[in-house]
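Q: One structure coming up, written as structure tokens, with questions to follow.
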There are 2 protein chains.
Amino acid sequence: MLNYIETFPDSVEMEELLVWLKALADPKRLRIFNLLMEGVQCNCEIGDVLDMAPNLISHHLNKLRAVGLVDAERDAGDSRWIYYSINRTALEKVNVALGAFLNPQRIQPRQPACGPRAESACTTDFSLNKDDE
Amino acid sequence: MLNYIETFPDSVEMEELLVWLKALADPKRLRIFNLLMEGVQCNCEIGDVLDMAPNLISHHLNKLRAVGLVDAERDAGDSRWIYYSINRTALEKVNVALGAFLNPQRIQPRQPACGPRAESACTTDFSLNKDDE
DNA sequence: AATATAGTTCAACATAAATTGAATTATATT
DNA sequence: AATATAATTCAATTTATGTTGAACTATATT
């Protein structure tokens, strides 16, 4: 009678995935990210297209940068301008992680350990052994 | 001189993607979803594994159900028990949508429309024509 | 030197969402 | 009938996060 344990790669990978999901799970950030996918690069143009204040764009770009999804680079000639772009390495990592996490083949046809169909009921002895101290 | 326009499939698809991302972008919900992927099915077992209160699990399962990612089914013999499972159709849709959205090939090597490298500066005439009323 | 530009940073505010505890529903067990 | 069980619903609270406006930095233009 095995006590169930989470098995997805490991909690570290899930933590990393979570960070990426949170970064993308905002309407404005998702649109900004989308624009960067399409090649738009500076704060001001994003503002023109999405009709957002530059400080708000800056805030969201910071969040995307903080998790590594987006890179920033100043213009060589006129350093007032900053060009933002998708970090391809990070994008690939996200794709791999999401692909693994959401892989339909991971779905197990496991019998419930709880309920009438189970060998043992929930309350029985899912807790750890008491004699481990 | 074209004014830039968002092109990802359409705003409807992005809206749908956002809904899924938001559903998954929560630490507890991501772990619950993961357990469901691994075949764990009832509220009580999730509670045992993740050490969470049943009402909180219920709340998160509702969120996952609300966006179609998770199905619920009562035990035929003892209807107090509810078995939760991943909705495979929804999962496939998420995979397709994410795959399309995060496809590295979408990244365009586009020159910025703003800044010194651009033909015209940002402030020039990105706004709509004034004579359209 | 004075002004304009691109963008950021900061603090205050508003909003949304997770969490908690208590009460409730519905079914099964004794 | 009385009690136990699995899970939900509800209202109250807390926590996190997006948004706003003002001030600031750094560079370029006139």
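Q: Just one of (1) touching a His at 6+ places or on another chain (Cβ under 7 Å); (2) surrounded by fewer than 17 Cβ atoms within 10 Å (Cβ to Cβ); (3) of a type in the set (D, E, K, R) trips up A:Arg29, so point out which.
A: (2)
Q: Search region A:11-35 for residues that are free of Cβ contacts under 8 Å to residues at least 12 places away in the same chain and pair each with any residue that is open to solvent by 80 Å² or more (accessible area, probe 1.4 Å) and not acidic (Asp, Glu) when their beta-carbon atoms are under 7 Å apart and the residues are at least 6 apart or on different chains.
A: So the pair list comes out as A:Ala25/B:Lys22.
Q: Let me ask you something else. Which ones in region A:48-64 are near DNA strand C (Cβ under 8 Å from one of its atoms) and surrounded by 18 or more Cβ atoms within 10 Å (Cβ to Cβ)?
A: A:Ile57, A:Leu61
Q: Any residue in region B:91-108 that is modelled with pLDDT of 95 or more, surrounded by fewer than 16 Cβ atoms within 10 Å (Cβ to Cβ) and within 14 Å of DNA strand D (Cβ to nearest atom)?
A: Checked region B:91-108: no residue is modelled with pLDDT of 95 or more, surrounded by fewer than 16 Cβ atoms within 10 Å (Cβ to Cβ) and within 14 Å of DNA strand D (Cβ to nearest atom).
Q: Looking at the structure I just gave you, is A:Arg80 among the basic types (Lys, Arg) and within 23 Å of B:Asn103 (Cα to Cα)?
A: no
Q: Let me spell it out: the conditions are (1) at pLDDT 95 or above; (2) buried (at least 19 other Cβ atoms within 10 Å of the Cβ), and A:Gln41 meets all of them except one. Which number is the exception?
A: Only one criterion in (1) at pLDDT 95 or above; (2) buried (at least 19 other Cβ atoms within 10 Å of the Cβ) is unmet by A:Gln41, namely (1).
The values are calculated or read from the model by the stated rules, or taken from the named source; none is laboratory data. Bear in mind the structure is a predicted one, so any value in this text is a computation, not a measurement. So basically every Cβ, Gly included, is an ideal-geometry build from the backbone, and we count neighbours across all protein chains shown. Just so you know, the surface numbers come from the protein's heavy atoms only, side chains and all, with ligands and any DNA or RNA stripped out. Shrake-Rupley method; radii C 1.70, N 1.55, O 1.52, S 1.80 Å.
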